[in-house]
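K.L.:
The structure that follows is given in the form of structure tokens.
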Amino acid sequence: MTALILQLPMVLKFSDEQFEQLVAANQDLRLELSSSGELVIMSPTGGETGNRNFDLLGQLWLWNRQNNLGKAFDSSTGFKLPNGSTRSPDASWIKQERWDILTPQQRKKYLPLCPDFAIELVSESDDLADTQAKMREYIQNGLRLGWLINPQDKQVEIYRPNQEVEVLNSPTSLSGEDILPGFILDLRNII
């Protein structure tokens, strides 16, 4: 099963406030909004994917807590990308300097920026091509490093600006490179 995409006519295009109200009224749904106005309804994950997500979030949280270089977020955080879409990566991070320039009001709403780093974990209900398109969208909107982790195929796709996607087969760890200095994601319980 893939995400359900509702095609909305332009007359029904949501403002930021209307989309926030829709999400608030449907808190049991995970919703995203594409730059073309498509409403994306994502299904919940199964137990294995939920456990993998928890593992990678825990590792990112611990690194961030120890290094204090920025802010880390889970999949419930919405990012209002420069192209107008509102997306929620499975895990994400922004540099502290970018957080500091946001107003208190901006911090309470969907963050009006693209994360510096994002992870998408392909679940049984995800369509790989859709997830790859989402990663390309992040890169086009300012993402500096992205990992698409596909446990079913034991592959990781690494996304960087102005570079071809790097594909790793059965890696045991990933480096945060210069974006997340010193961060090494242990993949043994994820892939």
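The values are calculated or read from the model by the stated rules, or taken from the named source; none is laboratory data. Bear in mind that the values here come from a model prediction, so they are computed numbers and not experimental data. Neighbour counts run over all protein chains shown; Cβ positions are idealised from the backbone, glycine included.
K.L.:
Quick one: Ile5 ticks every box in (1) in a helix (DSSP H, G or I); (2) under 25 Å from Ala129 (Cβ atoms); (3) modelled with pLDDT under 70; (4) not polar (S, T, N, Q) bar one, so which box is it?
P.N.:
Looking at each condition in turn, Ile5 falls short on (1).
K.L.:
Quick check, is Glu32 modelled with pLDDT under 80 and not in a strand (DSSP E or B)? Please lay out each step first, then the result.
P.N.:
Details: modelled with pLDDT under 80: yes; not in a strand (DSSP E or B): no.
Spelling it out, it is not the case that Glu32 is modelled with pLDDT under 80 and not in a strand (DSSP E or B).
K.L.:
Checking the conditions here, which among Phe79, Phe73, Phe54, Phe117 is closer than 22 Å to Ile149 by Cβ and surrounded by fewer than 16 Cβ atoms within 10 Å (Cβ to Cβ)? Working first, answer last.
P.N.:
Values: Phe79 fails: surrounded by fewer than 16 Cβ atoms within 10 Å (Cβ to Cβ); Phe73 fails: surrounded by fewer than 16 Cβ atoms within 10 Å (Cβ to Cβ); Phe117 fails: surrounded by fewer than 16 Cβ atoms within 10 Å (Cβ to Cβ).
From the options Phe79, Phe73, Phe54, Phe117, the qualifying one is Phe54.
K.L.:
Moving on to the next point. Among Pro161, Pro115, Pro181, Pro171, which is the only one that is under 22 Å from Thr86 (Cα atoms), in a loop (DSSP other than H, G, I, E, B) and out of contact with any Ser or Thr (no Cβ under 9 Å at 6 or more places or on another chain)? Explain how you work it out, then say what you get.
P.N.:
On the way: Pro115 fails: out of contact with any Ser or Thr (no Cβ under 9 Å at 6 or more places or on another chain); Pro181 fails: under 22 Å from Thr86 (Cα atoms); Pro171 fails: under 22 Å from Thr86 (Cα atoms).
Among Pro161, Pro115, Pro181, Pro171, only Pro161 is under 22 Å from Thr86 (Cα atoms), in a loop (DSSP other than H, G, I, E, B) and out of contact with any Ser or Thr (no Cβ under 9 Å at 6 or more places or on another chain).
K.L.:
Starting from the range 178-191, take each residue that is polar (S, T, N, Q) and list its partners that are surrounded by 11 or more Cβ atoms within 10 Å (Cβ to Cβ), counting only C-beta distances under 7 angstrom and pairs at least six apart or across chains.
P.N.:
So the pair list comes out as Asn189/Asp55.
K.L.:
Right, next: Within the range 128-150, can you find the residues that are free of Cβ contacts under 8 Å to residues at least 24 places away in the same chain and either in a strand (DSSP E or B) or crowded, with 19+ Cβ neighbours inside 10 Å (or both)?
P.N.:
Within the range 128-150, Thr131, Ile139 meet the criteria.
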